[in-house]
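The values are calculated or read from the model by the stated rules, or taken from the named source; none is laboratory data. Computed from a predicted structure; not experimentally measured. Here the Cβ positions follow ideal geometry from the backbone for every residue, glycine too, while neighbour counts run over all protein chains shown. Note: areas computed on protein heavy atoms with side chains; ligands, DNA, RNA excluded. Shrake-Rupley method; radii C 1.70, N 1.55, O 1.52, S 1.80 Å.
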Amino acid sequence: MKVVIMAGGRGTRISSVASDIPKPMIKIGNKPVLEHEIECLREQGFTDIILTVGHLGHIIMDYFGDGSKISPSTNKPFGVNIEYYVEEKPLGNAGALFKIKDKLKEDFLLLNADALFNIDFNRFVEFHKRNGGLVTLFTHPNSHPYDSGLILVDDNNSVTNWLTKEDDRPQYYNNIVNAGLHIISPTILEKNIDKEKIDLDRDLLKPLAGTGKIFSYKSPEYVKDMGTPERYRAVCKDYEEGRIQAKNLKNKQKAIFLDRDGTINKEVGFLRNIDDFELLPGVAKAIRRINESGYLAIVVTNQPVIARGEVTFEQLREIHKKMETLLGNEGAYIDDLFFCPHHPDSGFEGEVKELKIKCDCRKPNAGMLIEAAKKYNIDLEKSWMIGDSKNDIGAGKKAGCRTILLGNKVRDIGEDRRAEDLEEAVFGNNKKIDNKKGENRSDGGFDR
Ligand SMILES: [Zn+2]
């Protein structure tokens, strides 16, 4: 599969870090951002690369040449084939694609050189092929969905709507943000757009929302924009700490599995009404810390209210959108959520018969944790389950995770640790430390 990397941006906001070199040439560690990206591609077999360059493009061309030369930074060959398209005048970020469309006969990867990424590209491509769309967007949750553009999806990850940050948004939404990496069919370049400057998102991708031809591939892997000096420094720090490569799903991941009712939100018995969903104090702060720690935050929840016919799948989805929205408002996100809709005892009025079964997913069974482990390549022995009930500790132990029991509802049942609430579980005795700025990145004691 060919790879097109858009390396033509001017990058004015970051010019205080480096004003005389193009943004893709700014160094992270010992080499330019773009070289990190090219290495990541080459290691996974993507060696056919087209770079679109503009402002100060000659610096990029001198450095990489046609990809066969030795890297001045590493003294090793780049090991790829590079062609260039030089934008004489700005064509918008998609204009160059129309100029090189003769070279694009098959689906291709379109990447933005302004972000540093390290992802499992083959996994991304597989997802794209499986869904058969014209476009797949790489998406992720972020720590500021309230002022980000949003991607709205249905249950099959088909993009139903694409909201810019200025657009009106629903009251509650999933935290899904476009990361600027795409797989694209050249078919979309057959469109006639009578404009001098063509914007990728506005003119090409957004109009596909709701047609069933564009999908969202949501992943917790590392993709971060370095458009401002502050963000650039954050990326450098992540690089020094080895966080960027570690999050590539080719590598084993660590997760913190979280129960929902009584752990994240206030326990109200069976939660049926969305208005009863309230975050517990300190939860957003604790999940924010998990997000910064390198552990995945994954919710696993028993929702027998579905089998009992008291809440529909659609209503449950809304409740979870509320959870993601409330967490997002405080800078926290979950990487995924698994729920068990089943219940073993049948014979009640209003129940959904086919869900009244003995299943492997209902905690204390470990089905949801095992499913998550498969999906995200998680090492369960390095992971934790946190919850306030016997079922949570049971599921965690069955999966081989370490466990933390919250509150005092349940007596000692062989949990590894005990804490008053999620905040204490994550911060230990230092729970009052204000972590709003994300400066303190200790792991919350989970690695001990
Ligand atoms: Zn189940």
Task: Residues of region 330-353 satisfying the condition of being part of a helix (DSSP H, G or I) and either buried (at least 19 other Cβ atoms within 10 Å of the Cβ) or within 24 Å of the chain's Cα centre (by Cα) (or both) - done: none
Task: Phe339, sole failed condition from (1) modelled with pLDDT under 95; (2) in contact with a Ser or Thr (Cβ under 7 Å, 6 or more places away or on another chain); (3) closer than 23 Å to Asn273 by Cα - done: (1)
TODO: Among the numbered conditions (1) more than 21 Å from Lys375 (Cα to Cα); (2) open to solvent by 30 Å² or more (accessible area, probe 1.4 Å); (3) in contact (Cβ under 8 Å) with a residue 24 or more places away in the chain, tell me where Asp203 comes up short.
DONE: (2)
Open item on the list: I'd like the residue in region 307-329 that is touching a Leu at 6+ places or on another chain (Cβ under 8 Å) and away from the ligand (no atom under 16 Å from the Cβ) and, out of all such residues, is most open to solvent (accessible area, probe 1.4 Å).
Closed with: Leu326
Open item on the list: If a residue must be out of contact with any helix residue (DSSP H, G or I) (no Cβ under 8 Å at 6 or more places or on another chain) and open to solvent by 60 Å² or more (accessible area, probe 1.4 Å), how many such residues does region 133-153 contain?
Closed with: 1
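Take region 354-382 and flag every residue that is part of a loop (DSSP other than H, G, I, E, B), more than 8 Å from the ligand (Cβ to nearest atom) and charged (D, E, K, R). Explain how you work it out, then say what you get.
At the first step, the residues of region 354-382 found to be part of a loop (DSSP other than H, G, I, E, B) are 356-366, 377, 379.
Of the ones still in play, those that are also more than 8 Å from the ligand (Cβ to nearest atom) are 356, 358, 363-364, 366, 377, 379.
Scanning region 354-382 gives Lys356, Lys358, Lys363, Asp379.
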TODO: Kindly indicate which of Asn157, Asn161, Asn174 is in contact with a helix residue (DSSP H, G or I) (Cβ under 6 Å, 6 or more places away or on another chain), farther than 25 Å from Lys103 by Cβ and modelled with pLDDT of 95 or more.
DONE: Asn174
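Going by what's in this entry, would Asp392 be described as open to solvent by less than 40 Å² (accessible area, probe 1.4 Å), more than 16 Å from the ligand (Cβ to nearest atom) and touching a residue at least 24 places away in the same chain (Cβ under 8 Å)? Spell out how you get there, then give the answer.
Numbers: open to solvent by less than 40 Å² (accessible area, probe 1.4 Å): yes; more than 16 Å from the ligand (Cβ to nearest atom): no; touching a residue at least 24 places away in the same chain (Cβ under 8 Å): yes.
Criteria not met by Asp392.
Take the residues of region 260-277 that are touching a residue at least 24 places away in the same chain (Cβ under 8 Å) and open to solvent by 10 Å² or more (accessible area, probe 1.4 Å): which is farthest from Asn365 (Cα to Cα)?
Filtering region 260-277 down to residues touching a residue at least 24 places away in the same chain (Cβ under 8 Å) leaves 260-265, 267, 270-272, 274, 277.
Keeping just the survivors that are open to solvent by 10 Å² or more (accessible area, probe 1.4 Å) gives 261-262, 267, 270, 272, 274.
Working: Asp261: 17, Gly262: 19, Glu267: 21, Phe270: 20, Arg272: 23, Ile274: 27 Å.
Across region 260-277, the extreme among qualifying residues is Ile274.
Test Asp194 against the stated conditions and say whether it is open to solvent by 10 Å² or more (accessible area, probe 1.4 Å), modelled with pLDDT under 95 and farther than 24 Å from Gly328 by Cβ. Walk me through it before giving the result.
Details: open to solvent by 10 Å² or more (accessible area, probe 1.4 Å): yes; modelled with pLDDT under 95: yes; farther than 24 Å from Gly328 by Cβ: yes.
Criteria met by Asp194.
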